[in-house]
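The structure appears below as structure tokens.
Here, each number is a calculation from the coordinates, and none is a lab measurement. Just so it is clear, the structure is predicted and the values come from calculations on it, not from any experiment. Note that we place each Cβ from the backbone using ideal geometry, even for glycine, and neighbour counts take in every protein chain shown.
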Amino acid sequence: MRLWASPKTGVERLVGVAVLVVLALGPALFSDFWVSTILTQTLFFGIAASSLVFLYAYGGMISLAQTALMGISAYLLGNMVTQRVPGGETKGLTLGWDPTLALVLAIVLTTLIGLVFGAVASRSFGIYFLMLTLTYAVIANYFFGQVTQFGGFSPIAGINQYTPPFVGEIIGHPDKLYYIAFGTALAVYLVTRYLVRTPFGLSLQGIRDDPVRMSSLGYAVPLHRALAFAYGAFIASLAGILLVWWDGQIAPGNIGIGATIELLVMCVIGGLARIEGAWLGAFTFIVINNYVRDVELPVIGGSFNTIIGLVFLAIVIVSPDGLMGLWDRLWGSLGRRGGGAGPVPAPSPVAGGGTSS
Amino acid sequence: MRRLRSWKLLLPLAALVAVGSVSVSGSLAAPSQANEVRVAIMTDCKGAFAFGYELDIGGAQAAFAQYAGGKPKDRKKPSAGMTGIRAGGKDVNIVGYGCGDDTAPTAIKETRRLMEQLRADVMVGPLSGDEAVAVANYAKTKPLKTFIIGTAGSQDPTMQIAPRNMFRYHGDGAQWNAGLGEIVYKRLGWRRAAIIMDDYSFGWTSSAGIIADFCAIGGRIVKRVFPPLNTTDYAPYIRQLPRPGTVDGYFWVVGGTGTGASLKAFEQAYGKLDPKQHAGNLFFAFLGADKEVAPKVVGAYLGGFGTAPGLKRSSSVGTRICPLRTGSSTTTTTLPGRSSKA
Amino acid sequence: MVERLRQRGVARLAPSIVAGGLVVFAVLYVLVIAEPDDGTGGGWRTTTFGSALDDPGGFLQVLLDALTFAGLLFVVASGFSLIFGLMRVVNMAHGSFYLLAGYIAYEVQQSMTGQGFSIPGSEVNTWEWVFPLIVAVAIVAVIGVVLQQLFLSWNQGQDLRQALITIAISVVIADQVIAHFPRTGVFEVGGGHAVSMTWPGWTERFVDLHLWDVRYSLARLVMLGIGVLVGVALYLWLYRTKTGMVIRAGVDDRQMTAALGISIQKTFAIAFLVGAGLAGVGAAVGSSQGNIASGQDTQWLLNSLVVVIIGGMGSLLGAAAGSLLYALVLTFSASYLPIIGDECCTNFSIVLTFALLAIVLAFRPQGLFGRAG
């Protein structure tokens, strides 16, 4: 095996390692606001986005339920750890359980819920799958907004007071949370990259490309899809835990249709075909979102939502594979030296394009 | 082994990126002066209460103009900013305006932007109950910053969460309704009443004020109905209310986008609204925006709210505003957030 | 039946038995099990009205509430279903069309009646309600077609890309509507706060049904009537005209229809025109019934989604059945879920909505009247 399959891969590796180094040095390089807000958010929204990208790029499933799953794990944690003490939280179940137990339960239960969701949706494909997962998302949002026993419209707050001993105090320690998010993101990236090369991952990609053929070859198509969805839910649950540690609270607004669409926008900006795109998209979106809030559009008026909507529209029209797709095409147009580049078809992009080992 | 080679290529690149990012972060952090107070104002520019954006900011800045020499940049647009404010020997700079949408997550996002990115020392806001709950929890983690609640009426921020660096200079949502129960008991002879309220923190707080007042003087609440916020069709919830004739009256604590819709549903279930049978919290005042229902409740009593925009034309709306008995609500100040449901 | 049991095995039928049992229990609960609230705290059998036997009048009223709301649901969702069935476009901007049309209709009615502050229903005649509706429908339908031509005509078959495009459009439209509507009111222009249209004066009365002393709101019955009217009109259009025939052929097999020399693009444009227009009709009715306010775009997108997922995509009958089932579950769960103290349980209606979806999807992934694929 050669060092790099192509110059493109080489450049990508260099950029990747450089980004890792910069991120590892994060707090030394950036201002507090950048570390605690922009970069930490990028990391955990990137994790959530990567679950969506994983499901799409390797399973052919466009899931709009990832934000909801993120919220479900956050809500589970919030209901389990908060305590009903004077001056404490009054919303939710306030069970006051051990934070380590609650953390594990929140992740496990969310994964199981994801498995159920995935099983119900496992026979739906394409646009039906999108609609069904969107319905999950909206129902989860209404559930936590209306069933006051589990939260209600008001946020469950003060959740980040209760962290497991191996994490320790995170309030007032933005750098610690940043490194936790960084480590989690890295682990999620590596595990996902590994998973797609296992027999499970390969048959999943087969199902993505031709479910009928895989089914007649004897593969359990719905089972593979449900399991993949459960893995997506697992990743999303990690993002949910980080969200609630970062924000301290969880409210229906965190998992509303707006938030659902925001996560999709991140994925589309970054590129749905490659896992890396998740973090690239999250970063781009969060920076835009943060710095255009004061901008007023001349003539047509409206808020930054119009700007984001128009940017999104432009990306979907010009480059449906987002920034990563643009990058792939750039190399494709450079004399097609880089293998695996070239225009990527929208419906089923080349899995893990441009990478080899 | 070969992988090591890539590190040689990597180092210059990493250095380049690092230098770039240092310069970026350096330019982002503008030097702060010791002799200034940085103020941020946060209210809603989206969602159910977006109509008050400029009004709220104008209200929050009025004292700067009156007492501290502030000059508005644009008299018709308070959010354009203000210059020349000096108070206590310090320059006061308004560094930014937050744009909430009536939800907690956005409130936090905006508060972070104002306090951390724009490095405000003091924030005035937010507008509504759950936003204030969220900001109060955030305030706990930032003990060196100061938070002054804008118009939010939920009790939790200053009674339950109660961070030391958060202050309220007006009554809470329960206090706004002080006197309402008493006035319908004495003037309209209500003894048995039903209440319908939004199922969230402000709905509970606001109802707590009404219920405490009404029950303290001898009235009875025979039925409580909790429609979820932003219900599409209120008919099934209205059906849960006792029929007219079986109660003396109804208290309405349905706000946001539901005020008019729920009253219409009541009309469609039980016929014309009799103003003597209905009383509401401040949201009745916002019926000014809902042109169909407002004339039907002319003469009804409603809870106060300082000077809401819809209240200024009270003569044409015809609604009577209850006296706001601040300081007298000993019953309500001991109520926890959800006591209205107890 | 026994033969079938043996063939499929009891284990495989278990889900059917559980689901069937749940449905039967829900029906029995409403009809006989529930008990009226005596104000003593309540238990699992306590509901506002008690069972249908205890209070037939109350039951009938709730049933009518459900039916009339289903009328409104059908109007909005049938437009969504039509576009999807023919073009395989999940029009995520459907809710935004609804929002825009609702505000337009309100503004037109305001300028027609010239009331400035308030409009009592008695001062609104039929024309002053119908004309705003026509204007709103026309504007939204044209906007729908223009957007379809600009953004959706050149990427047929790319389902996902089209859905993403309509999401982007919906974000922009909703934000623009909030920035610029309502235009008349006591506050500044914009903000997207709640306003409402006024039904014509003659609807402000009750109809005596001569049954258990029930008098029911004429306005709500009109809402049901509009739903039925739209349903009949759509049926006649789809099943009795040439355009309708082409559309149905397109739903069944788009390529074959195009191969027969029929301009499928023109048909798509017509379908989008009608689909967006139906969102407009629904918005005028909905804003007269309740109100129109920012945030309702997502509510109505969800409503449409649930209806077509239950009923099946692109099926007129499915949209009707979906509307009916969804409205029944929503309305009855709010009125007939037990009352246990003040905390429980009428706020659990969303759980039943999800249960409805899960039950339908478990047995028919393509919806009640949808076709596979």
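If a spin label sat at a point 7 angstrom from the Cα of B:Asp274 along the line to its beta carbon, the backbone N atoms of region B:193-212 nearer than 20 Å would be those of B:193-196.
Can you tell me the FRET efficiency between C:Leu260 and B:Lys71 if r is taken as the Cβ-Cβ distance and R0 is 56 Å, rounded to the nearest 0.05? Present the calculation step by step, with values, prior to reporting the outcome.
Values: r = 73 Å, r/R0 = 1.31.
For R0 = 56 Å, the calculated efficiency reads 0.15.
If R0 is 22 Å, the Cβ-Cβ spacing of B:Lys186 and B:Val298 corresponds to a FRET efficiency of close to 0.60. In this simple spin-label approximation, C:Asn125 and B:Ile148 carry label points 7 Å from Cα along the Cα→Cβ vector, and these lie 5.6 nm apart.
For chain C, the fraction of alpha-carbon pairs lying more than 30 Å apart is 46 percent, rounded to a whole number.
Just tell me how shielded A:166-174 is by partners: mean number of partner chain Cβ atoms within 10 Å of each residue's Cβ, no decimals. Before the final figure, lay out each step's value.
Numbers: counts 0, 0, 0, 0, 1, 3, 3, 0, 2.
Going residue by residue through A:166-174 and averaging, the value is 1.
Residues of region C:130-170 falling in the label zone of C:Ser111, defined by backbone nitrogen less than 16 Å from a point 7 Å along Cα to beta-carbon, are C:130-140. If you take all other residues with their beta carbon under 11 Å from the beta carbon of B:Thr151, and give Lys and Arg +1 and Asp and Glu -1, the sum is -3. Here's the list of lysines a cross-link from C:Lys242 could span, going by alpha-carbon distance under 19 Å and ignoring same-chain residues fewer than 8 apart: C:Lys266. Residues of region C:347-362 with an amide N closer than 15 Å to a point placed 7 Å from the Cα of C:Ala19 along the Cα-to-Cβ direction: C:353-362. When shorter helices are ignored and each DSSP H run of at least 4 residues is given -39500 (n - 2.57), the per-residue value for chain C at 222 nm works out to -22000 deg cm²/dmol.
The alpha-carbon of B:Lys272 sits under 27 angstrom from the alpha-carbons of these lysines, leaving out residues fewer than 8 places away in its chain: B:Lys186, B:Lys223, B:Lys264, B:Lys291, B:Lys296, B:Lys312.
For region C:209-351, what log10 I(q)/I(0) values come out of the Debye formula at q = 0.19, 0.20 1/Å, with one point per alpha carbon and no solvent? Evaluating at q = 0.19, 0.20 Å⁻¹ gives log10 I(q)/I(0) of -1.31, -1.39.
With R₀ fixed at 45 Å, the C-beta to C-beta distance from C:Leu150 to A:Asp98 puts the FRET efficiency at about 0.20.
Sorted from longest to shortest, the spans of the Cα atoms of region C:127-183 along the three principal axes equal 42, 23, 14 Å. Each label was represented as a point 7 Å from its Cα along the Cα-to-Cβ direction; for C:Val207 and A:Ala187 these points are 6.4 nm apart.
Taking packing as the residue-averaged number of other Cβ atoms within 10 angstrom, the listed peptides C:321-329, A:161-169 run from highest to lowest as C:321-329, A:161-169. Cβ crowding within 10 Å ranks C:His94, B:His278, C:His210, A:His173 as C:His210, A:His173, B:His278, C:His94, fewest other Cβ atoms first.
Which whole DSSP H helices in chain A pass both tests: a Cα extent of 27 Å or more along the axis and a mean Kyte-Doolittle value no lower than -1.0? Present the calculation step by step, with values, prior to reporting the outcome.
Details: long enough: A:40-59 (28 Å, 1.20); A:99-121 (32 Å, 2.35); A:126-146 (30 Å, 1.21); A:174-195 (31 Å, 0.72); A:221-247 (38 Å, 1.31).
Span-like helices in chain A: A:40-59, A:99-121, A:126-146, A:174-195, A:221-247.
Between A:His173 and A:Val287, the contour length at 0.36 nm per residue exceeds the Cα-Cα span by 38.8 nm.
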